[in-house]
């Protein structure tokens with residue numbers, strides 16, 4: 001059993017044991033202002049749009065920035081030109097929390113993406129209440145009907161979705177489900193291995209009317225340029241930023257604005 005399969009099974013079991021209070025979350029969501037447009041921000045930014053990630057650790061790299069001030073880091077990202085900020089909220093493997101999501105939402109004016117293993121529409125609702133403007137939906141973690149239901153919930157709540165794929169078959173599923181923003185992850189979430197060349201081949205197959213996002217393994221301007229040449233409109237970068245002594249400088253370099 002690979003990492004993704006094992007972890008998603010744990011998430012499903014946890015939600016069965018302790019379901020989210022959908023009624024309470026709906027009441028809270030009803031009083032919120034409109035979400036910031038994630039897809040619109042990526043389209044409007046000068047290419048490459050950078051989604052800069054707040055990530056404390058990862059199962060592949062171990063501890064990264066366990067003691068980071070999420071809000072302060074997000075502000076540095078915004079000052080350096082990030083089009084959006086991604087926040088890992090998964091606690092066990094990534095050291096994240098909904099508290100980080102709320103702190104980042106309050107600290108910046110750009111859209112904020114909740115990045116986690118979401119398998120139920122109530123988690124999308126939880127993300128909206130927690131301060132997310134968009135949610136990550138991983139095609140490999142969901143059935144076709146689940147993906148469509150979660151996309152519908154996101155739309156009903158005014159949220160955008162970054163629909164993540166790793167294979168051509170998953171890309172086809174995302175397109176058929178109507179995904180507007182499609183992330184191509186170079187990392188296989190089962191084995192945690194990275195295949196940059198394979199990801200570029202899939203990026204090239206994303207239709208031009210969608211927003212293609214290159215994910216994982218990006219740390220240099222040359223890699224950003226390769227993603228752009230393959231059709232990416234945006235890149236999602238985490239480890240290279242949180243490890244850097246000056247995340248803003250690295251972000252500007254990746255954008256070609258250094």
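Only the coordinates and a few stated rules stand behind these numbers; no lab work does. Here the structure is a predicted model, which means the values were calculated and not measured. Here the Cβ positions follow ideal geometry from the backbone for every residue, glycine too, while neighbour counts run over all protein chains shown.
Taking label points 7 Å from Cα along the Cα-to-Cβ direction, residue 43 and residue 106 give a separation of 3.2 nm.
In region 152-168, whose amide N lies under 16 Å from the spot 7 Å out along Cα-to-Cβ of residue 191? List them in ranges. Hits in region 152-168 for residue 191 at 16 Å: 166-168. Within region 179-234, the ratio Rg/Rh, alpha carbon atoms throughout and Rh by Kirkwood, equals 0.95.
Going highest first, how would you order 79-92, 147-160 by mean Cβ packing within 10 Å? If you can, show how the numbers build up before the last one.
Values: 79-92: 22.5, 147-160: 19.6.
Output ranking for 79-92, 147-160: 79-92, 147-160.
Per residue of the chain, the DSSP helices (runs of n ≥ 4 H) give a summed -39500 (n - 2.57) that works out to -13000 deg cm²/dmol at 222 nm. For the chain, the spherically averaged projection of the C-alpha convex hull amounts to 12.3 nm². Principal axis extents of the Cα atoms in region 145-203, from largest to smallest and rounded to whole angstrom, are 36, 19, 18.
Pairs of alpha-carbon atoms within less than 8 angstrom and 6+ residues apart define the contacts here; what relative contact order does region 3-255 have, in percent? 21 percent. Computed from the C-beta positions of residue 24 and residue 155, the FRET efficiency with R₀ = 22 Å rounds to 0.55. Could you identify which residue out of 22, 41, 52 has the top mean-square fluctuation in a GNM of the chain using Cα springs shorter than 10 Å? Fluctuation is largest for 22.
As a ratio to 2.2 N^0.38 Å, the alpha-carbon radius of gyration for region 1-121 is 1.15.
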